[in-house]
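*Asks:* One structure coming up, written as structure tokens, with questions to follow.
The values are calculated or read from the model by the stated rules, or taken from the named source; none is laboratory data. Quick caveat: nothing in here was measured; it's all calculated off a predicted structure. No Cβ is skipped: glycine too gets one built from the backbone with ideal geometry, and neighbour counts run over all protein chains shown. Protein only, heavy atoms only, side chains kept; ligands, DNA and RNA dropped before computing areas. Shrake-Rupley method; radii C 1.70, N 1.55, O 1.52, S 1.80 Å.
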Amino acid sequence: MNKENTNQSSFGMIGLGTMGSNLLQNIADHGYQCSGYDIDSKKVDTVNNLSNENIHAYSNLKEFVNNLKSPKTVMMLVPAGKIVDSVIEELLEVLEQGDIIIDGGNSHFTDTERRFVDLEQKGYHFVGMGVSGGEEGARKGPSMMPGGDKEAYEAIKPILVKIAAHVNGEPTVAYMGERSAGHFVKMVHNGIEYALMQLISETYEVMKKGLQMEDNEIHDVFKNWNEGRLQSYLIEITRDIFAYKNKGTDHLLLNDIKDEAKAKGTGKWTSQAAMDLTVPVPMIDIAVSMRDLSKFKELRTEASKLYHDSKKYDSKDKMEYIVKLEQAFYFSMISAYSQGMHLLNQANQEFKYDLNLATIAKIWRGGCIIRSAFLEDIYAAYQKNSDLKHLFLDSSIKESLKESLAGIRTVVSDAALQGISVPTYAVALSYFDNVRNEEMPANLIQAQRDFFGSHTYELKGKEGVFHTEWEEPIV
Ligand code: 6PG
């Protein structure tokens, strides 16, 4: 049942799932009249049954739009893909030129690029906005990454600033840049999220299989880490997962959960985009691959019977080892963020988004899934030097990497020797060792390519491209 709305709304939401409903309640909490629309009348009823005098939900699109103040602002929170296009098509029949359409879903940035150009030509304002923080973030304060039409952003900014999370009094929302910049930044956020989650799961593996620690001991480690320099939302929820038992049971729910991870695809998109831009983000790549491998349960079960030779660590003092593991995690976490920021830096040059990396680090400090204490260091690094090529080149980050290097070398080599899989840690280290490698062995790859395919090579200190008939070597 639609509820009568005597005051027109300042904001309209399409898609009244938990995210949409929570975001509307957040907006309403700040005194705005707002409206919601969904084709599912049950969802409409649920929102109207909240009996929030600032929220009115409709199952009729025309009525929903008619109850919005002009210029009308409509945000879509619907599944990414074709649904977004069909909702836009319906909206164009009921909106007028000059109205604002916001896509708050996890749309692929190339779709946002296309929609932005199309809607601009038709006279509508389009904002592609990444929203992070899950259901709780939507209700209490998400981090938001809007991009596209700047004029439209300025118009909706007062609402966004109020509903965002705040860190040191500053909102976790800012204009990201041109066209699809908002969704590109959100995609990279998710890529980093994948790398950090995989890193945490490998940490669990080391503690459980290598150090043979009990769940309650693992809980204590994450609890401890969350009180230090590793403080972050993902470590915090991991700590809580290691304490969660279903009512009436005496064991962790975690131990009942299948070891096969799902993915909606934003991590894969990040790797694909990075490869297209030829920017290395190997920790994100490996995180995507490991989720994929986790799905091959039957294969893993079969292979585990053939090759079961993992050994526990011969560590006399677990707590001493945890100190090294903490260093290894710190090192790898820095690397994960650095790879993501490097991708943003390169994409910015290629796509001319006009991104500001300091602003991105700033709005990621709260509300979003990858919020962490370390984002303060990233923010500081880019504030000091907005042209920083790579975070590894910042002097204070250099110190952090150097002092945690011993830890990562120990953790990666012990894991390799004992047969414990820590690919994200290993890749974090190898990436570092090659970023600081002035002479990579890529000269050999050049020679091989020229050998079998006459692809030519370039020479040190000499302009031009060269080819050799390698079959007749002069030794
Ligand atoms: C966020 C999250 C969110 C994402 C989920 C699930 O920032 O709030 O990144 O956007 O959709 O975390 O992602 P996967 O299904 O790909 O793991």
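*Asks:* Could you work out the percent of alpha carbon pairs in the range 394-475 separated by over 21 Å, rounded to a whole number?
*Replies:* Looking at the range 394-475, the distances longer than 21 Å represent 54 percent of pairs.
*Asks:* So with the 1.4 Å probe, I'd like the accessible area per residue for the chain, rounded to whole Å².
*Replies:* 50
*Asks:* Rounded to the nearest 500, what is the chain's calculated 222 nm mean residue ellipticity when only DSSP H runs of at least 4 contribute -39500 (n - 2.57) each, over all residues?
*Replies:* -17000 deg cm²/dmol
*Asks:* How far apart, in nanometres, would the label points at ASP259 and ASP40 be if each is projected 7 angstrom from Cα along the Cα-to-Cβ direction?
*Replies:* It is 3.4 nm.
*Asks:* Follow-up question, since we're still on this one. Packing-wise, with mean Cβ within 10 Å as the measure, how do 328-341, 352-365 rank, highest first?
*Replies:* Sorting 328-341, 352-365 by mean packing, highest first, produces 328-341, 352-365.
*Asks:* How about the range 260-331: which trypsin sites (Lys or Arg not before Pro) there are in a DSSP loop, with at most 13 other Cβ atoms within 10 Å of their Cβ?
*Replies:* Filter output for the range 260-331: LYS262, LYS264, LYS311, LYS312, LYS316.
*Asks:* How far is helix 150-163 tilted, in degrees, relative to the longest principal axis of the Cα atoms in the chain, given as a value from 0 to 90 rounded to the nearest 10?
*Replies:* Approximately 90 degrees, to the nearest ten.
*Asks:* Right, something else. So for the range 370-425, what are the equivalent ellipsoid semi-axes in whole Å, largest first, each being the square root of 5 times an eigenvalue of the Cα gyration tensor?
*Replies:* Semi-axes from the Cα gyration tensor: 29, 12, 9 Å.
*Asks:* Given H placed 1.01 Å from N in the peptide plane, which residues other than close sequence neighbours of TYR58 have an amide H under 5 Å from its amide H?
*Replies:* The answer is GLY36, TYR37, ASP38.
*Asks:* Assign one of three labels to the range 88-187, namely rounded, prolate or oblate, based on the Cα gyration tensor with a ≥ b ≥ c the square roots of its eigenvalues; rounded applies when a/c is under 1.5, prolate when it is not and a/b is larger than b/c, and oblate otherwise.
*Replies:* It comes out prolate by the Cα gyration axes.
*Asks:* Give the residues of the range 317-332 whose amide nitrogen is closer than 14 Å to a point set 7 Å from the Cα of GLN212 in the direction of its Cβ.
*Replies:* Within reach of a label on GLN212: 317-318.
*Asks:* Another question, if that's okay. Please work out the Cα convex hull volume for the range 194-269 and give it in Å³ per residue.
*Replies:* Once divided by residue count, the hull of the range 194-269 is 115 Å³.
*Asks:* Relative to the longest principal axis of the chain, what angle (0 to 90°, nearest 10) does the C-alpha long axis of helix 442-453 take?
*Replies:* Value to nearest ten degrees: 90.
*Asks:* Give me the percent of DSSP beta bridges within the chain that run antiparallel, rounded to the nearest 5.
*Replies:* Close to 40 percent.
*Asks:* Evaluate the Kirkwood expression for the hydrodynamic radius of the range 185-311, namely the inverse of the mean inverse distance over all pairs of different C-alpha atoms, and round to one decimal in Å.
*Replies:* Value: 16.4 Å, from the Cα pair sum.
*Asks:* Taking N as the number of residues in the range 164-215, what value does Rg over Cα atoms divided by 2.2 N^0.38 Å take?
*Replies:* Against the empirical 2.2 N^0.38 Å value, I get 1.77 for the range 164-215.
*Asks:* Further question on the same structure: Could you compute how fast the chain diffuses translationally, taking Rh as the Kirkwood radius over C-alpha pairs and applying Stokes-Einstein at 10 °C with viscosity 1.306 mPa s? Give it in µm² per second.
*Replies:* This corresponds to a translational diffusion coefficient of 64 µm²/s.
*Asks:* Still on this structure: Once you order the gyration tensor axes a ≥ b ≥ c over the Cα atoms, which shape class does the range 290-366 get: rounded for a/c under 1.5, otherwise prolate or oblate by comparing a/b with b/c?
*Replies:* Oblate, since a/c reaches 1.5 and b/c is not below a/b.
*Asks:* As an exercise, use a Förster radius of 56 Å and the Cβ-Cβ distance of GLU93 and LYS295 to find the FRET efficiency, rounded to the nearest 0.05.
*Replies:* Plugging the Cβ-Cβ distance into 1/(1 + (r/R0)^6) gives 0.85.
*Asks:* Using each residue's phi in the range 350-365, evaluate 6.51 cos²θ - 1.76 cosθ + 1.60 at θ = phi - 60° and report the 3J(HN,Hα) Karplus result to the nearest Hz, with x for Gly and Pro.
*Replies:* My calculation for the range 350-365 gives 5, 9, 6, 7, 6, 6, 10, 5, 5, 5, 5, 4, 4, 7, 8, 5 Hz in order.
*Asks:* Measure off, as a whole percent, the carbon and sulfur share of the 1.4 Å-probe accessible area of the chain, all protein chains present.
*Replies:* C and S atoms contribute 51 percent here.
*Asks:* Specify the angular offset, from 0 to 90 degrees and rounded to the nearest 10, of the alpha carbon long axis of helix 266-276 from the longest principal axis of the alpha carbons in the chain.
*Replies:* 60
*Asks:* When the Debye formula is applied to the Cα atoms of the range 238-380, each taken as the same point scatterer, what base-10 log of I(q)/I(0) results at q = 0.10, 0.14, 0.15 Å⁻¹?
*Replies:* Summing over Cα pairs of the range 238-380 leads to -0.55, -1.01, -1.12.
*Asks:* Rounded to a whole number of µm²/s, how large is the Stokes-Einstein D of the range 258-316 at 10 °C and 1.306 mPa s, given Rh as the Kirkwood radius over C-alpha pairs?
*Replies:* Rounded, D is 115 µm²/s.
*Asks:* Return the tail of the calculated pair distribution for the range 301-414, meaning the percent of Cα-Cα pairs more than 16 Å apart.
*Replies:* Counting every Cα pair in the range 301-414, those more than 16 Å apart make up 67 percent.
*Asks:* Right, something else. Could you give me the radius of gyration and the Dmax of the range 6-137, taking only the C-alpha atoms into account and expressing both in angstrom?
*Replies:* For the range 6-137, the Cα-based Rg and Dmax read 13.8, 40 Å.
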